[in-house]
Amino acid sequence: MSVSPNPKSLLAELVTAHRILVAENVLDAFGHISVRDPQSPDTFWLARALPPSVVEAHDFLRFDLSGDPVAQDKGPLFAERYIHSAIYRARPDVHSVCHHHAVAIMPFCLTDRSLVGVSQTGAFLGNGVPVWDSATEFGATRMVVETPDQAASLATALGSEAVILMRGHGATVVGCGIRDTVFRSVYACKDAQFQYVAAALGPVNTLSEGELELGKVPSNPAINRCWTHLSALYQGTDQTKKGSIA
Ligand code: MN
C-alpha cells in the first residue's frame, strides 16, 4: 500500500470540523469524524480514541479499509472505527464519515417517527431517513458498533443514502468531503429540532416530493457558506484562505 505524506491542510480542516461539531452539539464526549486520504484513497484518517473537543492534527492515525491502523500506533483506538472503514469500502463516492449521538437526533432513534426533510437546508433528508436496528442481525449489543460484521451491516443499510439513523444509538452521516459532511450533520439536527418543536404546535407540513427532489443535493455555495460561518464562529479564522480541501 502506498502511503502519502501527511496531508497537513486536510488534517487541519478535520480539526476544525471537530471544533464545529462539538460547538454545534453534534459531537460530545463521544462520536467521531474521519476523512478519506485523497492521495491514498484506500486509507482514511481518524483520531485515536479521544473526546473530539481535544483532538489535534497529531492525534490522527491512518487506517486501511479493514479498520486497522496502517503504521502508527498511538492507541487506544475507537471501537467504532469499523463504521468508517466499512462505509469507505462500500461507497467509493464517500470521502468523509461522521458518527454521532446528538441529542437533537436521538428522538428519531427512539420512536417510529420518521426523520424527513422539512426545510430548505434539510431537504437532503428526503422523505424518510433509513433506520438500522442492530438487534435484527446481532441481538443484544452494548449499542456500540464494534465488529466489522456489524459495520458492514450498517453500510449495507445505508445504501446510497447520506444519513442513517441507528435505533437506540445515534446516526451516521456521509458526504463527498469534510465540509459536506459537516453541513449534513449540523442541518440534519436542525431539521430534527424543527420537526419536534413544530409538532407541539400542530401537524407538521413536510416538503413535497418535487421540493425534496430539487433540494436533495446541498449546493456547494450553501455548504461553503455554512463552513465559513461555523469555522469563523468556533475557530475565529477563515479556513477557505488556507488552501484546505473540501
Ligand atoms: Mn456510537
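Among (1) under 17 Å from Val94 (Cβ atoms); (2) part of a loop (DSSP other than H, G, I, E, B); (3) free of Cβ contacts under 8 Å to residues at least 60 places away in the same chain, which single condition is Pro38 missing?
Among (1) under 17 Å from Val94 (Cβ atoms); (2) part of a loop (DSSP other than H, G, I, E, B); (3) free of Cβ contacts under 8 Å to residues at least 60 places away in the same chain, the lone unmet condition for Pro38 is (3).
With the checklist (1) more than 13 Å from the ligand (Cβ to nearest atom); (2) of a type in the set (Gly, Ala, Ser); (3) assigned to a helix (DSSP H, G or I) in hand, flag the one item Ala151 doesn't pass.
Failing condition for Ala151: (1).
Identify all residues within segment 30-50 that are under 14 Å from Ala79 (Cα atoms) and in contact with an Asp or Glu (Cβ under 8 Å, 6 or more places away or on another chain); write none if there are none.
If the condition is that a residue be under 14 Å from Ala79 (Cα atoms) and in contact with an Asp or Glu (Cβ under 8 Å, 6 or more places away or on another chain), then His32, Ala47, Arg48, Leu50 are the ones that fit.
State all residues of segment 205-224 that are assigned to a helix (DSSP H, G or I) and open to solvent by less than 100 Å² (accessible area, probe 1.4 Å); if no residue qualifies, say none.
Kept after step one, since they are assigned to a helix (DSSP H, G or I), are these residues of segment 205-224: 209-214, 220-224.
Once the filter is applied, which keeps residues that are assigned to a helix (DSSP H, G or I) and open to solvent by less than 100 Å² (accessible area, probe 1.4 Å), segment 205-224 yields Gly210, Glu211, Leu212, Pro221, Ala222, Ile223, Asn224.
Go through segment 103-147 and report how many residues are under 14 Å from Ala157 (Cα atoms) and either outside any helix (DSSP H, G or I) or modelled with pLDDT under 95 (or both).
Of the residues in that region, 7 qualify.
Hey, Thr141 hits all of (1) more than 15 Å from the ligand (Cβ to nearest atom); (2) polar (S, T, N, Q); (3) over 15 Å from the mean Cα position of the chain (by Cα) but one; which does it fall short on?
Going through the list (1) more than 15 Å from the ligand (Cβ to nearest atom); (2) polar (S, T, N, Q); (3) over 15 Å from the mean Cα position of the chain (by Cα), Thr141 breaks only (1).
Can you tell me how many residues in segment 165-182 are surrounded by fewer than 24 Cβ atoms within 10 Å (Cβ to Cβ) and away from the ligand (no atom under 15 Å from the Cβ)?
Total meeting the criteria: 2.
Please go through segment 109-133 and give me each residue that is open to solvent by less than 10 Å² (accessible area, probe 1.4 Å), more than 16 Å from Phe183 (Cα to Cα) and not aliphatic (A, V, I, L, M), ordered by number.
Cys109
Within segment 33-92, restricting attention to residues that are among the aliphatic types (A, V, I, L, M), closer than 17 Å to Thr172 by Cα and buried (at least 22 other Cβ atoms within 10 Å of the Cβ), which residue is farthest from the ligand (Cβ to nearest atom)?
Val35
Looking for whichever is at pLDDT below 95 and over 21 Å from the mean Cα position of the chain (by Cα) here; the options are Thr206, Thr240. Which one fits?
Details: Thr240 fails: over 21 Å from the mean Cα position of the chain (by Cα).
Sole residue among the options that is at pLDDT below 95 and over 21 Å from the mean Cα position of the chain (by Cα): Thr206.
If I ask for residues that are within 16 Å of the ligand (Cβ to nearest atom), open to solvent by 10 Å² or more (accessible area, probe 1.4 Å) and farther than 10 Å from Ala192 by Cβ, which ones from segment 93-106 would you list?
Residue satisfying the conditions is His101 alone.
When you scan segment 154-164, how many residues do you find that are open to solvent by 30 Å² or more (accessible area, probe 1.4 Å) and in a helix (DSSP H, G or I)?
The first filter runs over segment 154-164 and keeps only residues open to solvent by 30 Å² or more (accessible area, probe 1.4 Å), leaving 156-157, 159-161.
Going one step further and asking which of them are in a helix (DSSP H, G or I), we end up with 156-157.
Matching residues across segment 154-164 total 2.
What single numbered condition from (1) in contact with a helix residue (DSSP H, G or I) (Cβ under 6 Å, 6 or more places away or on another chain); (2) charged (D, E, K, R); (3) under 19 Å from Tyr82 (Cα atoms) fails to hold for Asp149?
(1)
The values are calculated or read from the model by the stated rules, or taken from the named source; none is laboratory data. Not measured: the values here are computed from a predicted model. Cβ coordinates were reconstructed from backbone atoms using ideal geometry, including for glycine residues, and neighbour counts include every protein chain displayed. The area values use the complete protein model at the heavy-atom level, side chains included, leaving out ligands, DNA and RNA. Shrake-Rupley method; radii C 1.70, N 1.55, O 1.52, S 1.80 Å.
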